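S.K.: Please find one structure pasted underneath; my questions will follow.
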Amino acid sequence: MEPLITVMRRMIAASLDDPDTHLALRMILANDPAPAPEAVWNWARADVRFQDEWPQVVSSLPKLLQAPVGDCNDLAVAVASLLAAARIPVRLALGYDDEGKPRHIWAQAWRNGWIHVDPSPGAAPPGTTSPTEVINARISGWEPIAI
């Protein structure tokens, strides 16, 4: 079985090659005057229903657009795909509990430093938290996404 991060990176790459990703980005930015990270966050919070561990397979953004329900893995792929399509440097942040088990994953965008873009329930809007405040997760690594 492939590591989850490998699957997620493949879904982001597939999303960037799909015209639906670029159409969705244009629509999101046209309907929200906020900067791209905030506009993408607003879209994900309003238009994607969060369901923990749903499904156990990570979706590409075009698949998520067809059935807008997912967990933090799906949201991280969607956000990273949209931000990469906007030519904003993006990476995935991995959070672990005190026992070293994966707890959470989310996207970060570069804007004068890395800001969190995590539309999961309980997470704060982009740029308003420090890494230690995100969903009680301890960050121990990042995965940059090449754009």
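S.K.: Fewest to most neighbouring Cβ within 10 Å: what's the order for TRP106, TRP41? All intermediate terms of the calculation are to be shown ahead of the outcome.
M.R.: On the way: TRP106 24, TRP41 29.
Final ranking by Cβ density, sparse to dense: TRP106, TRP41.
S.K.: Starting with the fewest neighbours, write out MET27, MET8 ranked by other beta-carbon atoms found within 10 Å of each beta-carbon.
M.R.: Values: MET27 11, MET8 22.
So the residues, fewest neighbours to most, are MET27, MET8.
S.K.: So how do LYS63, LYS101 line up by other beta-carbon neighbours within 10 Å, fewest first? Display every interim value, and only then the final one.
M.R.: On the way: LYS63 20, LYS101 7.
Ordered by Cβ neighbours within 10 Å, fewest first: LYS101, LYS63.
Every number in this text was worked out from the coordinates using simple rules, so none of it is lab data. Owing to the predicted nature of the structure, the values given are computational and were not obtained by experimental measurement. Cβ: placed from backbone, ideal geometry, glycine included. Neighbour counts: every protein chain shown.
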